[in-house]
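Engineer: This is the structure, below, for whatever I ask next.
Coordinate-derived values only; no laboratory data. Computed from a predicted model, the values in this text were never measured in an experiment. Note that we place each Cβ from the backbone using ideal geometry, even for glycine, and neighbour counts take in every protein chain shown.
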Ligand code: ATP
């Protein structure tokens, strides 16, 4: 049986019971049950069981398990059960953290489903690409990722990029004619388009021939591997954890040695040093970081910023430059034609041009679909008495040269009155370039008018046409020459009011904002002034033409001074990002078109538009603005800063607590005291005291002045900014508190059990106090807003409750080898806790770095 590329368009349509007007609703329903959904088989996800089992593969846990078994056999049954319970508790915590992290990441990935434009019942509409069925008629345009394999029916200047499928890096030209050859590989089937390839130019109409795993992509993709989402931070921490593990093992060995030398029972010492090792290693770190990032990313979605790559969540806070498009991002993308001027007697032809020369689709239920500029033009023509049906009859459509951001023009060709007519519209300079000499010579008044309108922030378009006596053979950009002028329009696209404040916020946060637009210099400057990006008398706008002549060194200088770029091509956008990056900047860059993908990929944070952006730009981006709004980038940066700070707080908390446990157990015997904690106490502190408040720290709200600080350098180590000092000194405070408690207990003549109980409780309470203090890096505990993080208070109260239960409920006393503390002992612990908190807060004050004002 011939395959689709060998069939004529008509036979291809018949074979799948389709037609050029698309499938009917009934046919779609049948096809959906027959063929299923247009999805590639997802990567194998780690099952719940394997996540759970992987918790037990940790070396430390295995040793602990062994310890439980040994305890059991030497007759320490309670110890064995408690260790077992704690291992299970640990495993459950690890499991739920890892599972939740994976789930959040998955949810994020599912949040930006690709859409496709299909024609069904002769009505165009946007649907989720997974719902496409064989026989569907799809409408493609530049920037789309082809949603399924399809036979081309109609093409206009179509070129595709099939590198993802065939490795061919040049754009492929397409045809709609059948090909009479057998067994052609996908790359040679020129009348077909394939799932996952990119429409790099032009537009097309095609019939879907295969979906999901039946597509060429599906055949080679097999099982998709989910990409490695490890963030730079996680990678660095993995290395750090390994180094830490070695240090911890050495220390624990020393503790073990000292114990034996002091004559402690061997088994007891073995358990103690083992528990210490388990407690000292921050095994929860990687999972907590994923949780912090994924939770942050979910909060960002609520604010309309969809993060496509987890590492970007972590680095967002470091952005020093935001380079933004104008149209739709800084402005509302609500275009209306404000002014129109035509040559005498040409107004009707101008309106015909406005009505016809575009990609606008007339949908029954959704109104006019398409680019805001074009729908505004169409609407104006309709409102001024031109009807689509009539005009289509007078001007039967023949061919189209779609808009592209390098040419900045668009043309369409029609049969008309026994002749042929080409309608052209575009950026003023780009139209003047192709006018006939007569019109070029008379263009000055129109150019003046353009300037006047552009100064008011309006987008100006020029319109032209050409009549042909002979039908043009090849409809390429070559025929856009010697045109007759028609007239001009100005469209208003009001700036987004909320952007004004967002730009102010960027200024205080040390982030430079830059406008890079395809629009002309005057319009761009006018809008930039209104948004407060530049001063009212701003002269510094640079155009694509200015940049063209610059040496790399000169460009490197120019980018430091320029806030508005106009008439910039995608290639120049890329050059601007690269230059800024060489200057050491961390750049977020927006883009929407097919040609923007390279700059989005190059930018540290590539930002695509959710509403108007092309598939290709979204695919290349790290972040998608669901509302296309500049303000959303700024909100996301704030969230990014918050997440990073919280991770730092978590690390500060966990490492200072862990270190204090090691120091306490290490130093107390050296100072002549008994080993101050039993293994169970250590394990308990690790599980509950460190775990619960630590986790709550991740949800800490952003500090009030977070956007008054300069961006963090991405190369800066996680441990920069005095955090190591703080870990060590805080640990020292906690250690002193514990050892002091033990000294006091000895002075009171308390027995060993009471000493253990007291040190255990002090360590627990002081660590909780530490959790409260860690909530802010710079501000005192009182000025943070005491109840702004309910989770942390919840976890603290819960931990205190559990601790009291362990101390005062008899059967728990037996298990945890504690004893009820009398009021004198308890109040001493409380005083020690308060004093320690004061010391830790004082440390914060002393170690606080002078706040660097953003420069
Ligand atoms: P931004 O880059 O800020 O989104 P932009 O929309 O002006 O701005 P482009 O889409 O590259 O950037 O457009 C560049 C210029 O091309 C516009 O200023 C306009 O003069 C012209 N233009 C835009 N859309 C069309 C179109 N559909 N047909 C003809 N010309 C157009």
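Engineer: Just the number: Rg to Rh for the chain, Cα atoms, Kirkwood Rh, two decimals. Provide the component values of the computation, followed by the final result.
Structural biologist: Values: Rg = 34.1 Å, Rh = 31.2 Å.
Result for the chain is an Rg/Rh of 1.09.
Engineer: Rounded to the nearest 0.05, what FRET efficiency is calculated for residue 383 and residue 182 with R0 set to 45 Å and r the Cβ-Cβ distance?
Structural biologist: Between residue 383 and residue 182 the formula returns 0.25.
Engineer: Give me the mean projected area, in nm² to one decimal, of the convex hull enclosing the Cα positions of the range 77-173. Could the numbers behind the result be given before it?
Structural biologist: Working: hull surface 44.3 nm².
Hull-based average projected area comes out at 11.1 nm².
Engineer: Using a ≥ b ≥ c from the Cα gyration tensor of the range 655-748 (square roots of the eigenvalues), is it rounded, prolate or oblate, where a/c under 1.5 gives rounded and otherwise the larger of a/b and b/c decides, a/b for prolate? Walk me through the numbers on the way to the answer.
Structural biologist: Working: a/c = 2.77, a/b = 2.10, b/c = 1.32.
Here the range 655-748 falls in the prolate category.
Engineer: Let me ask something else about it. With the Cα gyration tensor of the range 473-590 giving a ≥ b ≥ c as the square roots of its eigenvalues, does the rule (a/c under 1.5 for rounded; else a/b larger than b/c for prolate; else oblate) give rounded, prolate or oblate? Before the final figure, lay out each step's value.
Structural biologist: On the way: a/c = 2.34, a/b = 1.39, b/c = 1.69.
Oblate shape, in that a/c is at least 1.5 and b/c is the bigger or equal ratio.
Engineer: Quick one: angle between helix 285-302 and the longest Cα principal axis of the chain, in degrees between 0 and 90, rounded to 10, please.
Structural biologist: 40 degrees
Engineer: While we're looking at this one, here's another question. How high is the relative contact order of the chain, in percent, counting Cα pairs under 8 Å that sit 6 or more residues apart?
Structural biologist: Numbers: 1521 pairs, mean separation 101.8, N = 855.
Once divided by the residue count of the chain, the mean separation gives 12 percent.
Engineer: Next question. Length gain on complete extension for the stretch residue 582 to residue 261, per 0.36 nm per residue less the alpha carbon to alpha carbon distance?
Structural biologist: Result: 109.6 nm gained on full extension.
Engineer: Listing 756, 386, 77 from the residue with the fewest other Cβ atoms within 10 Å to the one with the most, what is the order?
Structural biologist: In order of increasing Cβ crowding within 10 Å: 77, 386, 756.
Engineer: Run the helix sum for the chain: -39,500 (n - 2.57) per DSSP H stretch of 4+ residues, divided by residue count, reported at 222 nm to the nearest 500 deg cm²/dmol.
Structural biologist: Numbers: 32 runs with 419 residues, N = 855.
Result for the chain, helices only: -15500 deg cm²/dmol.
Engineer: Pairing the Cα long axis of helix 790-808 with the longest principal axis of the chain, what angle in degrees results, from 0 to 90 and rounded to the nearest 10?
Structural biologist: Helix 790-808 sits at roughly 20 degrees to that axis.
Engineer: Where the convex hull is taken over the Cα atoms of the range 336-492, what is its projected area averaged over directions, in nm²?
Structural biologist: 9.2 nm²
Engineer: Simple spin-label model, 7 Å along Cα-to-Cβ: residue 85 to residue 362 in nm?
Structural biologist: Result: 7.6 nm between the two label points.
Engineer: Let me ask another. Using only Cα atoms and rounding to the nearest 10 degrees, what angle (0 to 90) does helix 823-847 make with the longest principal axis of the chain?
Structural biologist: In the chain, helix 823-847 runs at an angle near 40 degrees to the longest axis.
Engineer: While we're here: How far, in nm, would the chain grow between residue 704 and residue 127 when pulled straight, counting 0.36 nm per residue and subtracting the alpha carbon separation?
Structural biologist: Contour length minus Cα-Cα distance gives 203.5 nm.
Engineer: Sticking with this one: Using a/c under 1.5 as the rounded threshold, could you call the range 422-462 rounded, prolate or oblate? The axes a ≥ b ≥ c are square roots of the C-alpha gyration tensor eigenvalues, and prolate needs a/b larger than b/c, oblate otherwise.
Structural biologist: The shape class here is oblate.
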